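Asker: Got a structure here, written out as structure tokens. Questions coming.
The values are calculated or read from the model by the stated rules, or taken from the named source; none is laboratory data. Note that the structure is a prediction, hence the values are computed from the model and not measured. Backbone-built Cβ (ideal geometry, glycine too); neighbour counts: all protein chains shown. Accessible surface is based on the protein model in full, side chains and every heavy atom, while ligands, DNA and RNA are left aside. Shrake-Rupley method; radii C 1.70, N 1.55, O 1.52, S 1.80 Å.
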Amino acid sequence: LQYTRVWIPDPDEVWRSAEIIKDYKEGDKSLQLKLEDETLHVLVLLEPGLDSDILVGQNDLTALSYLHEPAVLHN
């Protein structure tokens, strides 16, 4: 998953684009991200595991785990 582009919630901009900078391993409780402006960000995962469906494109949008605007646009 390292170098995968993701969208994260932002209180001011609604969504921000980021890149995973450290590979995720099962059981990790956070993701280390780099935002577009080069700042580093740690995203704490609220649920165990990481659903890769939100990170990888799907042929069928109904296969996405989370249907929100960034996931659809990214896909």
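Asker: Read through the list (1) at pLDDT below 85; (2) over 10 Å from the mean Cα position of the chain (by Cα), then give the number of the only condition that Asp51 fails.
Answerer: All conditions are met except number (2).
One line per residue, one yes/no per condition, for (1) in a loop (DSSP other than H, G, I, E, B); (2) of a type in the set (Gly, Ala, Ser); (3) at pLDDT below 65; (4) open to solvent by less than 50 Å² (accessible area, probe 1.4 Å):
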| residue | (1), (2), (3), (4) |
| --- | --- |
| Tyr3 | yes, no, no, no |
| Val6 | no, no, no, yes |
| Ala18 | no, yes, no, yes |
| Lys25 | yes, no, no, no |
| Gln32 | no, no, no, no |
| Val42 | no, no, no, no |
| Glu47 | yes, no, yes, no |
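Asker: Answer with yes or no whether Leu35 is of a type outside the set (S, T, N, Q) and touching a Ser or Thr at 6+ places or on another chain (Cβ under 8 Å). Break it down into steps so the answer makes sense when it comes.
Answerer: On the way: of a type outside the set (S, T, N, Q): yes; touching a Ser or Thr at 6+ places or on another chain (Cβ under 8 Å): yes.
Answer is yes for this residue.
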